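Just below is one structure, and these are the notes that go with it.
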Amino acid sequence: MSRLTTLLFDVDGTLAETEEIHRQSFNAAFRQAELDWDWSQAMYRALLSVTGGKERILHYIEQHEPDFSVPGDLREYIAELHASKTEHYTSTVATGNMPLRSGVRRLIDEARKAGLRLGIATTTTPANVSVLLQKCLAPDAEGWFEIIAAGGVVANKKPAPDIYLYAMEKMGVSPNECLALEDSENGLISARQSGLATLVTVSQYTQGQDFSDALLVVDQFGEPDNPSTVFSGQMQAADYVTIDVLQQLLD
Ligand code: XBP
Ligand code: MG
């Protein structure tokens, strides 16, 4: 039995259903650049196999726009296009209208009251994390997390283990005292390759992915009056995700 001391949260799809706003932000940037690219939800679901927005745009060009070219350096062009996308995304989230997923606020509050350490390990751009935490969790919420490991701070994005290894190194914790909270197969692979036990809350764009290596797979963290649906694994301490349920996963 290991004593749980630390929770490492993914962001997109785990804290909130943000990918739909990301998709709309990509399309807004394409329109602004006078490109006739328009990512449907089906296209975006497929493109999400590639993590990182810049990497995703390059992948899209290689797979679907092979004749696309720009006068200068393509990667510079993509970086500018992605910066525009990030502008659209952060200004949308800054309205504060992005709801956190069920149980996220309650679980984070419970963890803080129980003295657990909190970290973030995400592929998304740091500015996207800041605006989500500030506007949708609490104005000072960034300070609740000892590390916000995000985007290009590591060489290899999820499913590589880099971001979780980086977060644990910065926090000085070992995998056996931590739990990763994820929504996607890429995130699960990254966490598991880092040696982390992982709980998955399936999200809008990750339904049907392979979560067989997760300790517990649910539809949401849930609330006392809105219990979780368990897709795989065991929840004994409660019928929604609590700190006791998470500690039990490490027992
Ligand atoms: C999800 C991602 C990100 C977002 C888009 O990150 O893979 O790329 O889709 O954000 P996670 P950017 O689930 O690890 O939070 O365009 O800033 O990459
Ligand atoms: Mg995610």
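The values are calculated or read from the model by the stated rules, or taken from the named source; none is laboratory data. If you're wondering where the values come from, they're calculated on a predicted model, not measured in any experiment. Quick reminder, even Gly has a Cβ in these numbers, built from the backbone with ideal geometry, and neighbours come from all protein chains shown. Just so you know, the surface numbers come from the protein's heavy atoms only, side chains and all, with ligands and any DNA or RNA stripped out. Shrake-Rupley method; radii C 1.70, N 1.55, O 1.52, S 1.80 Å.
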Could you tell me whether region 128-151 includes any residue that is under 23 Å from Lys54 (Cβ atoms) and of a type in the set (D, E, K, R)?
-> no
Single residue of region 55-73 satisfying the filter (within 22 Å of Met43 (Cβ to Cβ) and among the acidic types (Asp, Glu)) that is surrounded by the most Cβ atoms within 10 Å (Cβ to Cβ) = Glu55
Any hit, region 3-22, residues being out of contact with any Leu (no Cβ under 7 Å at 6 or more places or on another chain), within 16 Å of ligand 2 (Cβ to nearest atom), part of a strand (DSSP E or B) and of a type in the set (Asp, Glu) = yes
Filter pass, Glu76 being at pLDDT 95 or above, open to solvent by 60 Å² or more (accessible area, probe 1.4 Å), outside any loop (DSSP other than H, G, I, E, B) and among the charged types (D, E, K, R) | yes
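Residue-wise test of (1) among the aromatic types (Phe, Trp, Tyr); (2) more than 16 Å from ligand 1 (Cβ to nearest atom); (3) over 28 Å from Lys170 (Cβ atoms).
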residue: Arg23; (1), (2), (3): no, no, yes
residue: Thr51; (1), (2), (3): no, no, no
residue: Phe68; (1), (2), (3): yes, yes, yes
residue: Ala83; (1), (2), (3): no, no, no
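Would you be able to tell me the number of residues in region 213-251 that are open to solvent by 70 Å² or more (accessible area, probe 1.4 Å) and under 14 Å from Leu7 (Cα atoms)?
Looking only at that region, the number is 1.
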In this structure, is Ser184 hydroxyl-bearing (Ser, Thr, Tyr), under 16 Å from Val50 (Cα atoms) and within 16 Å of ligand 2 (Cβ to nearest atom)?
-> yes
State whether the residues of region 189-198 include one that is within 21 Å of Asp109 (Cβ to Cβ), at pLDDT 95 or above and among the aliphatic types (A, V, I, L, M).
-> no
Those residues that are of a type in the set (Lys, Arg) and within 13 Å of Thr242 (Cα to Cα), I need them from region 83-129; list them, please.
-> Arg105, Arg106, Arg112, Lys113
